[in-house]
Amino acid sequence: MTNHSSPPTASPPDSSVITSGRVALIAVSVVLLADFMELLDATIVSVAAPEIMNELGASDAAIQWTVAGYTLAMGAALITGGRLGDQYGRRRVFLGGLTGFGIASVLCALAPSAEVLIATRVLQGLAGGFMVPQVFGIIRSSLGPAARAKAFGAYGAVLSLASVAGPLLGGFLVDADLFDLGWRTIFWVNVPVVIIGLFLGARYLPDSGAEERSRLDVLGALLGAATAVLVLLPLVQGGEWGWPWWGYALMAGSLLTGGLFLYWGRRVSSRGGQPVFDPALLRVRAFASGLAVSTLFFGAVGSFFFLLSLYLQLGLGMSAWETGLVIVPYAVGAIVTSGIGVQFAGKAGRVLLISGALVLAASQVVFLLIVRADAHPGPWLLALPLFIGGLGLGLTAPSLINVILAGVPAREAGSAGGVLTTVSQIGSAVGVAVLGGIFFAVVDGALSEGTAAADGFTEAFSAILPWQIGFYALAAVLMLLLPARAAEHKDE
């Protein structure tokens, strides 16, 4: 089905497979750079929140919605964006999403009010929802197994760097006040990245996708978007709303829309059509079990960084810039093992994944011992568990994605990537909601007893670490359901 010697701009979409060389390097760099930019924008607003509130007169609720609106819009668009890439060409949809992201970034930078900023952040999230699934789709369908493993290893490094670069870059740009633009520079910085991505992407990205186009499954797209929003909205905003009864009702409603989404997908597929998501993918062992693992794994990772930032800033009194510097060892560890892990992923994929999850659990054990022994640990003391955690993430994250998507047919790569990203987002939101609830309950309890604020946050962070250990340990158990190694789908 594939011709490894075909040029990257060959007209039959699925025939343009590149396995190595300069073109492959540039193509992967383009999609990973765009993904890095999106990951930054998911968190960078939180760092600039005080400046935005001062200049625009924004309320606490408005700031929350600049973050929540982005997350919800992206979650609603991911599955549909993935299917559009599968049907109409991943390069085309990627470049379209990248263009939309750049335009929305400019509009965010020019926003005259909080209401306009929220609206433009929603547009930014929608554009990201169309762009991000193409990253997985292009890597999965356009690279050979060896090159793909290396690309996903690089993705793991990008994921780790973005978690550190968000607070670092945001803090620097706001403090530097370049050209007297203040917080607006966090959006202007996207513009040159988008321009470079569009120039190189139009020239070097392979145009993989379905050879025959079919009508977009509009009802499936609406049901998928509704399901994502009904799950994410209460999880993202529930804490701020005091967990009202109707928030639980929305999550219960997602079970109905999710069931209809799968039913409709089977019906469209049985009639020879192309659903937004083909439920037959759930019969692929690596994909189905991988979704469960991803929910738990990224729930632990996402909640850890959120609560660690609160602990460092509110408990230990660090600034956003200092917090980013403290987390640097985590990124360093991930970069080290992202390269090592992919070299052995083909032979020891599942063993590698379980080892990474257990290393992450061990890092939380070390963290717990340090925090309980010293109420105010210094940055150098915290560097050890953070470095260990980074080693675990680098072993797990890129190899996990490779194992999950390798078993998916290339023609479904974008759709599967959109579902995987949505599930990972939901897992992260669940982790933040559950562990965040425990964290703040402990803080409130400590403060009501007259405990100093710093000690209260330290106590709260200590309380969630055993849960983190349990999350990673359970993820390691669920990883036993995954294939022993990344097994290529037989259409390869």
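GLY170: among the small types (Gly, Ala, Ser) and either assigned by TED's automatic domain parsing to the domain that holds PHE304 or in contact with a Ser or Thr (Cβ under 8 Å, 6 or more places away or on another chain) (or both), yes or no? It is true that GLY170 is among the small types (Gly, Ala, Ser) and either assigned by TED's automatic domain parsing to the domain that holds PHE304 or in contact with a Ser or Thr (Cβ under 8 Å, 6 or more places away or on another chain) (or both).
Among ALA111, ALA162, which is the only one that is out of contact with any Asp or Glu (no Cβ under 6 Å at 6 or more places or on another chain), over 24 Å from GLY392 (Cβ atoms) and not β-branched (Val, Ile, Thr)?
Just one listed residue meets the conditions, ALA111.
Checking each residue in the range 24-48 for being closer than 15 Å to ILE118 by Cα and of a type in the set (S, T, N, Q) picks out THR43, SER46. Check ASN402 against each of (1) part of a helix (DSSP H, G or I); (2) surrounded by fewer than 24 Cβ atoms within 10 Å (Cβ to Cβ) and name the one condition it does not meet. Just one mismatch for ASN402, condition (2). The residues listed here are VAL231, VAL236; of these, the one that is in a helix (DSSP H, G or I) and within 30 Å of ASN54 (Cα to Cα) is VAL236.
Going by the conditions given, is VAL366 touching a residue at least 24 places away in the same chain (Cβ under 8 Å) and in the same structural domain as PHE298 (by TED's automatic domain parsing)? In short, no. The single condition among (1) within 20 Å of the chain's Cα centre (by Cα); (2) under 13 Å from MET479 (Cβ atoms) that LEU358 does not meet is (1). Among the residues here, PHE344 does not qualify as in a helix (DSSP H, G or I), under 23 Å from the mean Cα position of the chain (by Cα), among the aromatic types (Phe, Trp, Tyr) and at pLDDT below 90.
Matching residues to (1) at pLDDT below 85; (2) in contact with a Phe, Trp or Tyr (Cβ under 6 Å, 6 or more places away or on another chain):
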{"residue": "TYR155", "(1), (2)": "yes, no"}
{"residue": "GLY171", "(1), (2)": "yes, yes"}
{"residue": "ASN190", "(1), (2)": "no, no"}
{"residue": "VAL194", "(1), (2)": "no, no"}
{"residue": "ASP207", "(1), (2)": "yes, no"}
{"residue": "ARG215", "(1), (2)": "yes, no"}
{"residue": "ALA221", "(1), (2)": "no, no"}
{"residue": "LEU232", "(1), (2)": "no, no"}
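Being assigned to a helix (DSSP H, G or I) and over 23 Å from the mean Cα position of the chain (by Cα) is the filter here; which residues of the range 264-312 pass it?
Hits for the range 264-312 are TRP264, GLY265, ARG266, ARG267, VAL268, SER269, SER270, ALA280, ARG283.
Can you go through ALA460, ALA476, ALA486 and tell me which one is crowded, with 18+ Cβ neighbours inside 10 Å, of a type in the set (A, V, I, L, M) and modelled with pLDDT under 85? Before the answer, list the steps.
Values: ALA460 fails: modelled with pLDDT under 85; ALA476 fails: modelled with pLDDT under 85.
Going through ALA460, ALA476, ALA486 in turn, the sole match is ALA486.
Are any of the residues in the range 409-420 of a type in the set (D, E, K, R), free of Cβ contacts under 8 Å to residues at least 40 places away in the same chain and assigned to a helix (DSSP H, G or I)? No - not one qualifying residue is present in the range 409-420.
Could you run through the range 443-456 and say how many residues are surrounded by fewer than 20 Cβ atoms within 10 Å (Cβ to Cβ), part of a helix (DSSP H, G or I) and either hydrophobic (A, V, I, L, M, F, W, C) or touching a Phe, Trp or Tyr at 6+ places or on another chain (Cβ under 6 Å) (or both)? Qualifying residue count, the range 443-456: 4.
Find the residue count for the range 212-247, including only residues that are among the aliphatic types (A, V, I, L, M) and free of Cβ contacts under 8 Å to residues at least 24 places away in the same chain. Looking only at that region, the number is 2.
The values are calculated or read from the model by the stated rules, or taken from the named source; none is laboratory data. Here the structure is a predicted model, which means the values were calculated and not measured. Cβ: placed from backbone, ideal geometry, glycine included. Neighbour counts: every protein chain shown.
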